[in-house]
Amino acid sequence: MTQVMTNMPKRTEADRLDRGGRLDRLKRRPEIGVFLVMAIVIAAIAVASEGNAFNALGLKNNLSIISQFGIIAVGACLLMIAGEFDLSIGSMIGFAGMSMAMMLKWGLPFGLGPATPFTAFALTLCMTLFLGWLIGTIVVRSKLSSFIVSLAFLFFLRGLTEVSFRVINKSTQISGLPDYKETSWFADLFGGQAFGWVYDIWFRLGGNANRAGEQWVAGFDMRVVWFILVAGAAYVVLSRTQAGNWIYATGDSQASARANGVPVDKVRISLFMLTAFCATLFAACQVFETNTADAAKGNLKELEAIAIAVVGGTLMTGGFGSVIGVVFGAVTFGLVANAVFFIPAIDGSFYRVFVGAVLLIAVFLNESMRKRITGGL
Amino acid sequence: MSGPLIRTEGLVKRFGPFTALNGIDLEVHAGEIHALLGDNGAGKSTLIKTLSGIHPPTEGQIYVEGRPVNFRSPRDASDAGIGTVYQDLAINPLLSVTRNFFMGRELRTGPGPFGMLKMDEMDRITHEEMVKIGINVSDPGQLIGTMSGGQRQTLAIARAIHFGAKVLILDEPTSALGQKQQMEVLKTMMRVKKRGGIAIIFITHNEIHSQLVADRFTFLALGEVIGRGTKAELEGEDIRHLMAGGHEIRDLELELAAV
Ligand SMILES: Nc1ncnc2c1ncn2[C@@H]1O[C@H](COP(=O)(O)OP(=O)(O)OP(=O)(O)O)[C@@H](O)[C@H]1O
Ligand SMILES: [Mg+2]
């Protein structure tokens, strides 16, 4: 005998979603995985380096490389959320560095006279933004995968950089440029130091002293400031503005976004210009800090940027990602990349072993997260 | 009664050598549910895509409230009061209910796309509009990907109405749904009709659904109109006959038996 069910559910739709407590919601955040990894890495490196990784100089050096990673990873992350890749970031760094250093050494093109740090930077930025626009436009117009278009630019720009160096400079390196950051406030914005007060206070509190008892480290590199600015701006834009909504929508379902009037092509082209901007920023900090340039600069950086974005919880398929996660990812990668300087016993190549392993784990975690939030599609 | 809300005259749409629509005349009136019926590939989706600004017509003219219009983008059409709920709903599964509701028309303070979103206000409006149409979303921050098909459908309808649609186009809104959710969508349509002033174009393969809610029918086959009429004018038998593209159901039965 079958019995007919007659007790209709009295619950409403609203009762079905258990929002859970604070802890539950924290556990479901996309950054939680990379946060744990970061915490473990910080602890492990602090112990293994006997604290040296986080003494005055260690902190400066670590934050410097973290910021380098972070600046380009934030750009890569936003672009990936919109559903595209940019493999030209590394070559763009090399190109921008070459361009600025050559203008500073050999003068502006077209016989416009000697370059100042500002004109060298501004002209270079115009070129890189144009290149970013070009890559984006080709991707949007041709409907080809951005993977292949930007791969073409990876080769094209690296080759162009080397050729330009050899033709104009006779060597693929420039060193011994004047120390512009001493004379130009503009160069100081990229190559100088910041947050000196942190180290001043640290010194006054009894730390940060060298053997002679004088203040040891004067400040953080400016790129730390740029990283904070870029990440902060990206975070606000992504989570709080209309542009952010459009970026997510473009990567999630381009057709849907377009049908609702989102200018998906403009969004994507702008983001290719953003990654070009980030690469230029990366290069400017390097050139004005060290007063050198090298055709090989930025090699493989695009892949590290993508790896950090993925480890930070950005979906390879687009539509989802978090700037906070990318910041944690940059911290993790920066610390591990630098670890060899503080823990002499380990082999520097373990960095790549670590990157590979963490990347693989991250992709699996992201995939399961994607399944959960889309209801298992 | 005033003139039709939407009228098309000799609408032709060709994709290269292929004629998807071959001279469609259509009239859609306010306060009515207009069923658009026809076999797979008859051209129903193509017709509504030209009405909603996705495809420009190759020939012919669309009139909205008597005025000739030329839509260059979906935005033009929605500005003219044509709200479309596509077969794929045009939703972003990884985004929240609110963000989907306001997609492309976000409320913001400050100029340009970098203006700040008014998230609280958008959450409130979304919740209100969803309740009005019959779904109580508990959390406007819920991701669409976790909502049921009927809820998504309802969201898309509520969105179109909120943004001033005078004509609501629903492309197979019930096709992917379970029985109860199909009824929810039909109920939603009736509620919209009751609000008055809005015309609904309803595409479906389900004869029963069309008879339950539609006031007027248009049948397409191979890109042409093969029949039209009001509910009063058409018999159930006619509808079935025309839905099959003019074939006799009995013939089809014989064909089936012969397999
Ligand atoms: N973009 C396009 N390019 C070329 N042909 C197309 C295009 N869009 C539709 N067609 C063709 O036009 C015809 C009508 O398609 P349409 O999608 O309008 O059918 P439909 O009536 O909506 O069918 P269904 O009930 O299966 O949804 C089909 O033969 C289809 O292959
Ligand atoms: Mg269709």
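Residues are listed down the side, and each one gets a yes or a no for (1) hydroxyl-bearing (Ser, Thr, Tyr); (2) in contact with a Lys or Arg (Cβ under 9 Å, 6 or more places away or on another chain):
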{"residue": "A:100", "(1), (2)": "no, no"}
{"residue": "A:115", "(1), (2)": "no, yes"}
{"residue": "A:136", "(1), (2)": "no, yes"}
{"residue": "A:140", "(1), (2)": "no, yes"}
{"residue": "A:144", "(1), (2)": "no, no"}
{"residue": "A:162", "(1), (2)": "no, no"}
{"residue": "A:179", "(1), (2)": "no, no"}
{"residue": "A:184", "(1), (2)": "yes, no"}
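Scanning region B:24-77 for residues that are small (Gly, Ala, Ser), within 14 Å of another protein chain (Cβ to nearest Cβ), within 13 Å of ligand 1 (Cβ to nearest atom) and open to solvent by 10 Å² or more (accessible area, probe 1.4 Å) yields a single hit, B:45.
Anything in region B:1-60 that is among the β-branched types (Val, Ile, Thr) and away from ligand 2 (no atom under 16 Å from the Cβ)? List them, or say none.
Within region B:1-60, B:6, B:8, B:12, B:19, B:28, B:33, B:58 qualify.
Checking the stated criteria, residue A:304 turns out not to satisfy the condition of being in contact (Cβ under 8 Å) with a residue 40 or more places away in the chain, of a type outside the set (A, V, I, L, M, F, W, C) and touching an Asp or Glu at 6+ places or on another chain (Cβ under 8 Å). Taking the conditions (1) at the interface with chain A (Cβ under 8 Å from one of its Cβ atoms); (2) surrounded by fewer than 16 Cβ atoms within 10 Å (Cβ to Cβ) in turn, residue B:111 satisfies each one other than (1). Evaluation of residue B:13 against the conditions (1) farther than 20 Å from residue B:216 by Cβ; (2) surrounded by fewer than 16 Cβ atoms within 10 Å (Cβ to Cβ); (3) over 17 Å from the mean Cα position of the chain (by Cα) shows that the sole unmet condition is (2).
Tally the residues that are away from ligand 1 (no atom under 16 Å from the Cβ) and either under 21 Å from the mean Cα position of the chain (by Cα) or open to solvent by 30 Å² or more (accessible area, probe 1.4 Å) (or both), restricting the search to region B:78-97. Within region B:78-97, residues that are away from ligand 1 (no atom under 16 Å from the Cβ) and either under 21 Å from the mean Cα position of the chain (by Cα) or open to solvent by 30 Å² or more (accessible area, probe 1.4 Å) (or both) number 10. Residue A:279: modelled with pLDDT of 95 or more, buried (at least 22 other Cβ atoms within 10 Å of the Cβ) and either farther than 30 Å from residue A:44 by Cβ or away from every other protein chain (no Cβ under 14 Å) (or both), yes or no? Spelling it out, residue A:279 is indeed modelled with pLDDT of 95 or more, buried (at least 22 other Cβ atoms within 10 Å of the Cβ) and either farther than 30 Å from residue A:44 by Cβ or away from every other protein chain (no Cβ under 14 Å) (or both). Within the bounds of region A:331-339, is there any residue that is within 14 Å of chain B (Cβ to nearest Cβ) and in a helix (DSSP H, G or I)? No, region A:331-339 contains no residue that is within 14 Å of chain B (Cβ to nearest Cβ) and in a helix (DSSP H, G or I). Of all the residues in region B:162-178, those that are away from ligand 1 (no atom under 16 Å from the Cβ) and either surrounded by 21 or more Cβ atoms within 10 Å (Cβ to Cβ) or of a type in the set (Ser, Thr, Tyr) (or both) number 3. In summary, residue B:104 fulfils each of the numbered conditions (1) in contact (Cβ under 8 Å) with a residue 60 or more places away in the chain; (2) within 7 Å of chain A (Cβ to nearest Cβ); (3) at positive phi with the single exception of condition (1). Apart from one condition, residue B:126 fits all of (1) under 22 Å from residue B:177 (Cβ atoms); (2) at the interface with chain A (Cβ under 10 Å from one of its Cβ atoms); (3) of a type outside the set (A, V, I, L, M); the exception is (2). Checking every residue in region B:117-129 against the condition of being modelled with pLDDT under 90 and among the basic types (Lys, Arg) gives zero matches.
Listed by position, the helices (runs of 4 or more DSSP H) enclosed by region A:66-166 that each have at least 1 residues that are acidic (Asp, Glu) and farther than 16 Å from residue A:277 by Cβ are A:146-164. Among the conditions (1) in contact with a Gly (Cβ under 8 Å, 6 or more places away or on another chain); (2) free of Cβ contacts under 8 Å to residues at least 12 places away in the same chain; (3) open to solvent by 20 Å² or more (accessible area, probe 1.4 Å), residue A:83 misses just one, which is (2). The helices (runs of 4 or more DSSP H) found wholly in region B:81-186 and carrying at least 1 residues that are within 16 Å of ligand 2 (Cβ to nearest atom) occupy B:149-162. Selection of region A:340-353 for residues being open to solvent by 50 Å² or more (accessible area, probe 1.4 Å) and either closer than 13 Å to residue A:37 by Cα or part of a helix (DSSP H, G or I) (or both) yields A:341, A:350, A:352, A:353.
Each row is one residue, and each column tells you yes or no for (1) hydroxyl-bearing (Ser, Thr, Tyr); (2) at pLDDT 95 or above; (3) surrounded by fewer than 18 Cβ atoms within 10 Å (Cβ to Cβ).
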| position | (1), (2), (3) |
| --- | --- |
| A:110 | no, no, yes |
| A:122 | no, yes, yes |
| A:133 | no, yes, yes |
| A:150 | yes, yes, no |
| A:171 | yes, no, yes |
| A:183 | yes, no, yes |
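Of all residues in region B:189-202, those satisfying the criterion of being more than 16 Å from ligand 2 (Cβ to nearest atom) and open to solvent by less than 40 Å² (accessible area, probe 1.4 Å) are B:189, B:192, B:196, B:198, B:199, B:200. Regarding region A:306-324, can at least one residue be identified that is open to solvent by 30 Å² or more (accessible area, probe 1.4 Å), at pLDDT 95 or above and not in a loop (DSSP other than H, G, I, E, B)? Within region A:306-324 (the criterion being open to solvent by 30 Å² or more (accessible area, probe 1.4 Å), at pLDDT 95 or above and not in a loop (DSSP other than H, G, I, E, B)), the answer is yes, since at least one residue qualifies. The number of residues in region B:203-237 being within 16 Å of ligand 2 (Cβ to nearest atom) and surrounded by 19 or more Cβ atoms within 10 Å (Cβ to Cβ) comes to 9.
Residues of region B:145-161 that are modelled with pLDDT of 85 or more and within 9 Å of another protein chain (Cβ to nearest Cβ): B:159 alone. Considering only residues in region A:240-276 that are charged (D, E, K, R) and without any contact (Cβ under 8 Å) to a residue 24 or more places away in the chain, the one that is surrounded by the most Cβ atoms within 10 Å (Cβ to Cβ) turns out to be A:258.
Scanning region B:12-21 for any residue that is of a type outside the set (A, V, I, L, M, F, W, C) and away from ligand 1 (no atom under 14 Å from the Cβ) turns up nothing.
So is residue A:325 in contact with a Pro (Cβ under 7 Å, 6 or more places away or on another chain) and under 30 Å from residue A:50 (Cα atoms) or not? Considered against the rule, which asks whether it is in contact with a Pro (Cβ under 7 Å, 6 or more places away or on another chain) and under 30 Å from residue A:50 (Cα atoms), residue A:325 comes out as yes. When B:183, B:189 are checked against the criterion of being over 19 Å from residue B:79 (Cα atoms), touching a residue at least 12 places away in the same chain (Cβ under 8 Å) and more than 16 Å from ligand 1 (Cβ to nearest atom), a single residue qualifies: B:189. Residues in region B:132-142 that are at the interface with chain A (Cβ under 10 Å from one of its Cβ atoms) and open to solvent by 50 Å² or more (accessible area, probe 1.4 Å): B:136 only.
The values are calculated or read from the model by the stated rules, or taken from the named source; none is laboratory data. These figures come from a predicted structure and were not determined experimentally. Counting neighbours? That spans all protein chains shown, and the Cβs are built from the backbone with ideal geometry, glycine included. Only protein heavy atoms, including side chains, enter the accessible area calculation; ligands, DNA and RNA are left aside. Shrake-Rupley method; radii C 1.70, N 1.55, O 1.52, S 1.80 Å.
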